[in-house]
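In what follows, a single structure is set out as structure tokens and then discussed.
The values are calculated or read from the model by the stated rules, or taken from the named source; none is laboratory data. Note that the structure is a prediction, hence the values are computed from the model and not measured. Every residue, glycine among them, receives a Cβ derived from its backbone with ideal geometry; neighbour counts consider all protein chains shown. For accessibility, only protein heavy atoms count, side chains too; no ligands or nucleic acids. Shrake-Rupley method; radii C 1.70, N 1.55, O 1.52, S 1.80 Å.
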Amino acid sequence: MLLLAVASSLLLSQPSEQAGSRAATKPAAFAANCGNATAEIVFDGSKLKTGLYGVDKFEAVGDPDLVLIGNQWWMFFAAGPGPGRPVEYFTAYLPPNASLQTATTYPSDPNGWHILGARADGHGTAVALIPAPPPGGWDANGAETASVTRGPDGKLSVFYSGYSESPYSGHPMKMGVLHDVRNGVGVPDPTNPVMVATQPWEEWPKGVGELLEQAARYLPKQKKWVMYYTGGAWWGKPPDNEVAYADSKDGIHWEHQTALGFGSPYYNVDWLYNPARKRYEMTIAKDPKMIGGLLPRDIVWLQSPTTGKSKSDWTGEVTLLSYGVPEAPAWFSKGALSPAMKYGNLPGEKNRLYVYFHSYGQGQSIGRFYCDASH
């Protein structure tokens, strides 16, 4: 199957978002099936080299995001090594009308998640989403933390972070965007990178900007793009990352960068507008010890009546997934990152929140859990 080969006639319209008010929203209530009780591994980091998933060169997977095209779910995820970079982006898909509850994989289950390029004999070559950059290009050494969304024309855009040399050695991460994704490959915007660090709190150490973990959405009623992202190097000493807000009229030129004030214990974000409950919802990876840095993370949920620009706008925090409980399985016993949240699209799933994420425990894996929301 080919990504987006017939998608132009199948793209769904986005839920209409409200401008919002400051009126208090009802606190969320999730059923007992939430989080740990429903967590299952999808791509097991300890088995990536075995050919179990139809490809035989991955050593780690992470940073998933998902999009519904017609009646079919697609997953974008980072893995390495890629054909040209240590970390690249790839794609997997489910059969039409399959549920996000699916945790099985091709080729062991033909109806499970199928990596684009995977083969039944386990020796397939996954298709890289981002074309090979020129030597020395701004993203020549890695592409991570992608976020897929639709613009005002209904077409997909994929925002991602890239770097020319390893950010762990003090080099900056910048942000770019892909358009016109077809057959598993996107077209980089000619203006890339579209966002670089400009604020003091986006830089650690001083002069080295780190922009990553972005989650961008186009809001039709507000006629603008809104992005939540992480600024600052969360591996810095001391840890000083900050969850931040930015907006844009065209998805290319970003402004109003604002630190929300969550601080280092909160790291990366996904968010959506829930039209049934007229609220914005957010999931964040949070260090329960409230120290931050490299410490393991839970996944928590918050809500806001607006696209809030301050921590005080986001309330009703609920821990959805906890790595630190005795019953936590080995595959996420060392924490979770990069939540990607979507409500189900099938009958009976409109109140079921699915969260895909990557975990640490037995290698770096991708898993998912779900929670049924009662209000």
Check: Cα-Cα over 30 Å: which of Lys174/Lys278; Lys224/Lys278; Lys155/Lys289; Lys249/Lys334?
Finding: Lys174/Lys278; Lys155/Lys289; Lys249/Lys334
Next item on the list: Subtract the Cα-Cα distance of His123 and Met290 from 0.36 nm times their separation in residues, and report this length gain in nm to one decimal.
Entry: 55.8 nm
Next item on the list: Taking amide H positions as placed in the peptide plane 1.01 Å from N, state which residues far from Arg150 in sequence (5 or more) or on other chains have amide H under 5 Å from it.
Entry: Ser157, Tyr218
Item checked: the range 34-148 - charge dipole about Cα centre, Lys and Arg +1 at Cβ, Asp and Glu -1, debye rounded to 20 -> 180
Checklist line | Where only C-alpha atoms are counted, convex hull volume of the chain per residue in Å³ | finding: 125
Next item on the list: May I ask you to rank Lys221, Lys174, Lys342 by accessible area, largest first, using a 1.4 Å probe over the protein chains only?
Entry: Lys221, Lys174, Lys342
Next item on the list: Give, in nm to one decimal, the length gained when the segment between Glu255 and Lys221 is fully stretched (0.36 nm per residue of separation minus the Cα-Cα distance).
Entry: 10.4 nm
Next item on the list: Find the centroid of the Cα atoms in the range 70-123 and in the range 261-326, then give the distance between the two in whole Å.
Entry: 27
